[in-house]
Structure formats: structure tokens, C-alpha cells
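Down below is the structure, laid out as C-alpha cells.
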Amino acid sequence: MATRQRQSDRSTGRRRRIAVVTGTRAEFGLLDPVLRAMARRRRLQPRLIVTGMHLLRRFGRTIDHIRDAGFSIDAVVRMQSDRDEVAQQPIALSRGIAGIARAIDDLDCEIVVVLGDRIEAFAGACAATLGRRLLAHIHGGDRALGELDDVLRNAISRLAHVHLVASKDAAHRLRRMGEPASRIHRVGAPGLDDIRAFRQAERRSRRSTDRWLAQNLGPLAGQSYAVVVQHPTGRSQEQEAATMRLILAAVERCGLAGVVLYPNSDPGHSGIISVIRELRDRRRWRVFRSLGRVDYLRLLCRAAVLVGNSSSGIIESASIGINAVNVGSRQAGRLRCGPNVIDARETGPAITRAVRRALRRAHPASARCGYGDGRAGERIAEVLQRLVITPALRARRLTY
């Protein structure tokens, strides 16, 4: 039956429609190589559903960045408001499930792809499952304490029919959770794909990066600077603001200039943003609401250190070639990409010591790490193209 279905698809020339859900600037940067790899295959037709932070002006309205990157947007679903309240999260989730479900149905997609552990991915997973579509999950099996990261990621994994994991550890963890090995595909972290291409371009010519830094950082481009990316962890705005102040003070104490990106939209973000706004008149700081993926890599590749609690420090920093100071418990339990990641408690002295340690260390030269070789997008597209949809695949049964 499975063979007949595959032969039928080939004979009719029907392209497999796959909905890809994106909700944040960072996660879209990881999905970019996946979407491009899918678009290069004649039998796949990716359909992009944009939601979440992408639609909020407070965070840079990054839906415009997606269009500027040359992608067609097939559906737009509003979830969050600009209000920083925990009570808004379940309301946003309900909007997301309803809107994404309608989009999947209108676009006639048989597979839905989500990445990671955020509320937008969970909304897409719920919409796919209840709409009787196949769900493919990228970065399942990871561990990161976050606010609700582990809870949402594991819930998505329980719903998923296909697991596209980033590491050996993640694959092992899913098998221990009872997921059948036949559903688990170790593809690597897609965030490494464009880093590999970027480093190759940098080796050929550094001029485009030099030009971008001069235009966007001005005098800071010639100084030693830290990049700060700090996200909320579900605490009060006052607590999040206090930690952000400690990070900025540690950067200054170490004699560095600084470049800060806005946080994500999780509860508590207003506290972090309030501290960022205090930097407006400081000459040795530059603030971005958001950056496109290539510009973010340009910024990082010349930075002295990356500081905060972003997953890019944990997963991608070794491949970028930068030391990272990971602050607090948001990434607790997550596989570090290498010894270039230095963990620090949320105290001023601890963060300062960690930044100084990072500055004394040589930048990592090897792109090798536990998250793969920078070819995840092609592997994911290959898995989705070869997937044979059968009743057995649709049935969700654990192995224990």
C-alpha cells in the first residue's frame, strides 16, 4: 500500500504541501535553511505560516524581515498582544491554535513542521494533531529549563509523528521517553547550516561584514564589544530588570562596549526592555530591536564575547567562533556546544568573573560540536520527501 501511494504521487506529479510555522526572529533564522532546502526539491512545497512575535512592532515587526529575505508568506495568524501579562499566554495560545488550524486547512497541507519549545510551536502542534495532520518536530529531545521550555517541548514531542533531532543526546532521550526509534531522525541543528556558509564567505572576503559593522555600529565597530541577548524566564518585571542591570554592569566593568538585542515576548520582557531603554544616551552601547540572521552572524563574528541566556550561545557559539557566557538557569540541562560556553550565576561578581574568563580564552577555531556538521536543512528535506504516510505512521504508540 505504501509503495502504491509513493508511486501514485510520482505519477501525478503532486507536490507534498508542508506547513512550516514560525513565531520568532530567532527560530525563523533556524528555519531559513530548512525552507530553502525544501524549496529546492521538486516533490516538496513548503507553505509558510507566520505568527507570534513576528507581528509585534515592539519587537521589530520581523514579518518584514521574512519578506525582505525573499520568502512568500502563505498565512498570517495573530497570537500575542503587546501586553506583558501571564494571563495573556493562554489567550494567545487559543488564538494561535484556531488560526493555524484554519491556515493548515485552507492551504491543504498534509504535514506540519514546528521547531523548538515556544508557545507558537505548541499552537502549531495542537492545530496539526487535532486537524489530523502529520506533525514533524525539529529540536525535540533537547533539555532546557527555561520558563516552560521543557514542558512545551516534551508535549510537542508526545504529539509528533516524526522527530528531527539535533544531537545524539536528544535522540537517546526521546527513545527513553518511549518514542519508537523508527520515528527519530538525527539531522543536526539547522542553526549551524548558515553559519557554515557564512564562515566560508568570510574566508573569501571580510569586506561585507566590515561595511555592515561600520554602517550600523559606527565608532563601536572599531572597539572591543560584547553582544548581549537576555530573555525573560517567567519572573516579575522587576526581577528580570535586576538581572539585566547586572549583565550590563559586568560588561562595562570589563571595559567593553556593548550591543544589545531586544528579548523575546515571554512574560517579564518589559523589565528587560525598560533597562535597555536606559542605554539610549550611552555612547558605548548600541541597541537593536531585531536583526536578520546574516546581520546577527556579522555582529557575533567580530564580537569579543556573547553574554546572556540565548540558545545561540549554547548551540551555535562554537561554530561561530566566539566564547559565550551563559547567565542563569534558562538553559540548564542543555548540551553545550563546547568548552567555550562558561556558565555564570545571576550575581554581579559571578557574571563579571565569567566575562573576564571568556576574554582571556582564545576564540574557538573548530566548527565541530555535538550539534552536527551544518547540513541539517538538506537532511530534514530528505526525510520529509521520503516519508511514506501510512496508518502505522499516523498511529501514535509509545514503546514502553
Computed FRET value (nearest 0.05) for ALA39 with ARG396, which takes r as the C-beta separation and R₀ as 41 Å: 0.90
Spin-label model distance (nm) - ALA332 vs ALA249, 7 Å beyond Cα toward Cβ: 2.3
Linear extension gain, ARG67 paired with GLN223, 0.36 nm per residue minus alpha-carbon span: 52.9 nm
Separation of alpha-carbon centers, region 126-143 and region 240-285, rounded to whole Å: 35
Modelled label reach - VAL151, point 7 Å along Cα→Cβ, region 62-96 residues with backbone N closer than 16 Å: 85-94
Mean residue ellipticity (222 nm) of the chain, computed from DSSP H runs ≥ 4 via -39,500 (n - 2.57), nearest 500: -13000 deg cm²/dmol
Relative packing of peptides 211-220, 181-190 - highest average C-beta neighbours within 10 Å first: 181-190, 211-220
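Only four residue types carry charge here, +1 at the Cβ of Lys and Arg and -1 at the Cβ of Asp and Glu. Report the dipole size of region 198-360 about the Cα centre in Debye, rounded to the nearest 20.
Working: 27 positive and 12 negative charges, 127 e Å.
Rounded to the nearest 20 debye, it is 620 debye.
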Taking the chain and dividing mean pair separation by its residue count, relative contact order in percent (alpha carbons under 8 Å, at least six apart): 17
Principal-axis tilt of helix 88-107 within the chain, Cα atoms, nearest 10 degrees: 40
Cys with no candidate disulfide partner in the chain (beta-carbon separation under 4.7 Å rule): CYS109, CYS126, CYS254, CYS301
Region 198-360: relative contact order as a whole-number percent, Cα under 8 Å and 6+ apart: 23
Gain on full stretching of the segment that runs from MET177 to GLU238 - 0.36 nm per residue minus C-alpha separation: 18.2 nm
Peptides 102-108, 86-92 ordered by average Cβ neighbours within 10 Å, highest first: 102-108, 86-92
Cβ-placed point charges (K, R +1; D, E -1), dipole of the chain about Cα centre in debye, nearest 20: 1260
Inter-centroid distance (Cα atoms) of region 315-373 relative to region 188-216, Å: 20
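Only the coordinates and a few stated rules stand behind these numbers; no lab work does. It should be emphasised that the depicted structure is a prediction, and the values quoted were computed from it without experimental measurement. Cβ atoms come from the backbone with ideal geometry, glycine included; neighbour counts cover every protein chain shown.
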